[in-house]
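One structure below.
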Amino acid sequence: MGCFSFMCKECGKAILSNSFSGQNVKLFLLEKGKIVEQLEGQYDSYGCVFDENMDSRKWSLPWSGSTGTGTSVCNLMFSDDESTGMAAIHSKCYIKDPTTRSADDPNQGWGEYDELMGDTDASRDFNGDSLDYIAEVVALKSPDFKLPDNPDLVHAIVGISTETGELIEQLEMSMFDEELLDIINVKEELGDLMWYMALMCHVLDITFDDIETKADTVKTMVTETRLNSVIKDPLITRGILGIGRCSGTIMDQLKRATYYQQDPDIGILMHNLKIILWFIKIMCEELGTTVAALQDMNMEKLHKRYKTGKFSVKDCIDRDTDSERKILEG
């Protein structure tokens, strides 16, 4: 039996193999755009894949000849119909099932083999390490995906995470890029963060008064924490890092709800909202402002953006950042 070589349907590159090992691939037998059968593993150069013992894993259909329906692997592969035949996709490239067959590789899957084996990193990638790891991750991923029923909860959790990311970006630039901490932007992101916290309060049917407790205790704890003298703005740094930790915990609740079908733990959400609010109060004192002032500034900025008083995608995208900055600067 001769070699069969294919181009990946997603990236357009050859599916490589030396007949003893090969790239991880998904193979699909198609008939009129429909998947008849599929295999996954290291490509063996012969239209199949290796199993865990590095023996070729065969198709359940006969390789040649005809069955009661006239279908065999070769009959499908040599059909004149582009929607019938074998489609190959690198496992790492796989996005969706194919509906047309793959083009043939003119180099018979050997074109880059020697070059790959001569490059340590490429050889490792070719022989399995990273490609096998990706394939194993995909095999273990949750087959179920269901967002929580309340879209406001999803919006609040994602918003808290993204605003925290912007705070961390400001901190990173001040610590490693020798830039001064943009206090105005820090206040802006804290205000945006509080907007999403308020949305979560709405979902949980609580108020800020319900979560605003023990702020002085937290401030004392943070003030007495041993601070690295090299760190600029240590209380702001501690606050941003603390908010980042809580944001990750809150995002974990969304992951569990979406992929594990577990209801969000209201106690965990409330506890981390409390801690975030503690850190915001600490940072407000350091920045010479208050929680109420942040909330007022945030709403003034948003009313400038949404002149009708209602959200609009156009206004969100086409925002006047210069005018908004002036509001933030007071």
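Key figures
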{"quantity": "Matching residues, the stretch 149-169, being of a type in the set (S, T, N, Q) and in contact (Cβ under 8 Å) with a residue 12 or more places away in the chain", "calculated": "Asn150, Ser161, Thr164"}
{"quantity": "Test result for Lys187, at pLDDT 85 or above, among the basic types (Lys, Arg) and in the same structural domain as Glu286 (by TED's automatic domain parsing)", "calculated": "yes"}
{"quantity": "Close pairs from the stretch 36-59: first on the phi > 0 side of the Ramachandran plot, partner assigned to a strand (DSSP E or B) and small (Gly, Ala, Ser), Cβ under 8 Å, at least 6 apart", "calculated": "Ser45/Ser17; Ser45/Gly22"}
{"quantity": "Scan of the stretch 257-306 for residues that are under 23 Å from the mean Cα position of the chain (by Cα) and surrounded by 16 or more Cβ atoms within 10 Å (Cβ to Cβ), ordered by number", "calculated": "Ala257, Thr258, Pro264, Leu269, Asn272"}
{"quantity": "Hits in the stretch 3-35 (condition: touching a residue at least 24 places away in the same chain (Cβ under 8 Å) and either at positive phi or among the small types (Gly, Ala, Ser) (or both))", "calculated": "Ser5, Ala14, Ser17, Ser19, Ser21, Gly22, Lys32, Gly33"}
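The values are calculated or read from the model by the stated rules, or taken from the named source; none is laboratory data. Not measured: the values here are computed from a predicted model. Cβ atoms come from the backbone with ideal geometry, glycine included; neighbour counts cover every protein chain shown.
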